[in-house]
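Here's the structure, in structure tokens; my notes come after.
The values are calculated or read from the model by the stated rules, or taken from the named source; none is laboratory data. Just so you know, these numbers come straight off a predicted model, no measurement behind them. Every residue, glycine as well, gets a Cβ built from its backbone with ideal geometry; the counts of neighbours run over all protein chains shown.
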Amino acid sequence: MVSLLPSFAVAALLGLAFDAGQDPVPARAEAVASTVSDDGALILRLACLPEEDVEAKYTLRIALSVDLEDLLVVERGLKPATSRWRAGRRVDYAIPLQLPDDHGLEADELVEIRVGFVAPGSGAVRPPGNASDDEIEVDDDGLRTVASFLVPPFAGAEGKARLKAAFDEAGELRRSGDVAGAWARLDRALRDARSDPTKARVRDELAKVGELEPPAISALEETVVAQRIRAEKVRVFRIEAGRMYDRGYLHGALRVLDEIGGALAESADEKVIGAVGEAERTTRRAADIRERLLTDLTPDEEAAVAELDEEHGRTEDLFDAADELAED
């Protein structure tokens, strides 16, 4: 396992000066760490926005730390150099880092990325930030936390052992006839994998398990599927009803709206969100069409009404003739 030493202790061992009272380098820093691969590799993307021109050529000290105990401390030269920083001009860096293979950490343990600028000559460490900013939190070694990441389950020596244990457990389950258990164990491993090579190894193990029959669909799943089919049916029918209405096919539009109303009523009974409101709007739309069917007559319909009125007059025979016409 890597010796966990604070970076100021490392600096002392290397004969480097350290001054915890140094003012920050006048540049605001924002950083984000990429997803850490299963071999522990990651990219630190560091953006610096100088608030004034910087003349000194600093190097960047980076520490990977857990509770201020350092797993790794490295120093990197920067391109462009800090001596080329000008006020208000953002500078972006992509810095590759490597989590030590013998880190000895648990899966998903939090690792902080701390940075500071090492002054040329003196070796004094200055954190990034604005000297007038009272909210800057600087550690005793002059470094400041700018990002963090979680240790991948299969990273490092311990991670390799975890992956092998998962394969062994799945193999035992498979040999005992518990195909579902083997699939479940390897499925967890596949979800935990961060890198394509690891995922490929897990898929190879899954191929050894063989096919797994899907579980029977539950009552809840059946309800969800039925609701989604019904929702799609309503959507398509609503479009068709609108097209029929626009073309003057009012009877067809009314029939389709009746189908929609039935589907929405069923959804309302199942307490689907919004179904009651949709059903009420559909009912009002159908009522409007029924009223129009009674009041808006085509020329042919008006001629038929006039002919019946002339033939029978305002008598009971007129109503009988209208009923016969409706049945036809």
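Things to note:
- Number of residues in region 49-77 that are in a loop (DSSP other than H, G, I, E, B) and either of a type outside the set (A, V, I, L, M) or touching a Cys at 6+ places or on another chain (Cβ under 9 Å) (or both) equals 8.
A quick yes/no check of all residues on (1) under 17 Å from Ala147 (Cα atoms); (2) in the same structural domain as Val118 (by TED's automatic domain parsing); (3) in contact with a Pro (Cβ under 6 Å, 6 or more places away or on another chain); (4) not polar (S, T, N, Q):
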site: Gly40; (1), (2), (3), (4): yes, yes, no, yes
site: Ala47; (1), (2), (3), (4): yes, yes, no, yes
site: Pro80; (1), (2), (3), (4): no, yes, no, yes
site: Arg84; (1), (2), (3), (4): no, yes, no, yes
site: Ala87; (1), (2), (3), (4): no, yes, yes, yes
site: Gln98; (1), (2), (3), (4): yes, yes, no, no
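- Filter result (at pLDDT below 95 and in contact with a Leu (Cβ under 6 Å, 6 or more places away or on another chain)) within region 82-104: Pro100, His103
- For the condition aliphatic (A, V, I, L, M), modelled with pLDDT of 70 or more, in a helix (DSSP H, G or I) and assigned by TED's automatic domain parsing to the domain that holds Ala321, Val236 qualifies.
- Taken over region 56-73, residues that are more than 20 Å from Arg84 (Cβ to Cβ), crowded, with 21+ Cβ neighbours inside 10 Å and of a type in the set (D, E, K, R) amount to 1.
- Only residues that are surrounded by 12 or more Cβ atoms within 10 Å (Cβ to Cβ), touching a Lys or Arg at 6+ places or on another chain (Cβ under 8 Å) and part of a strand (DSSP E or B) were counted in region 92-108, giving 2.
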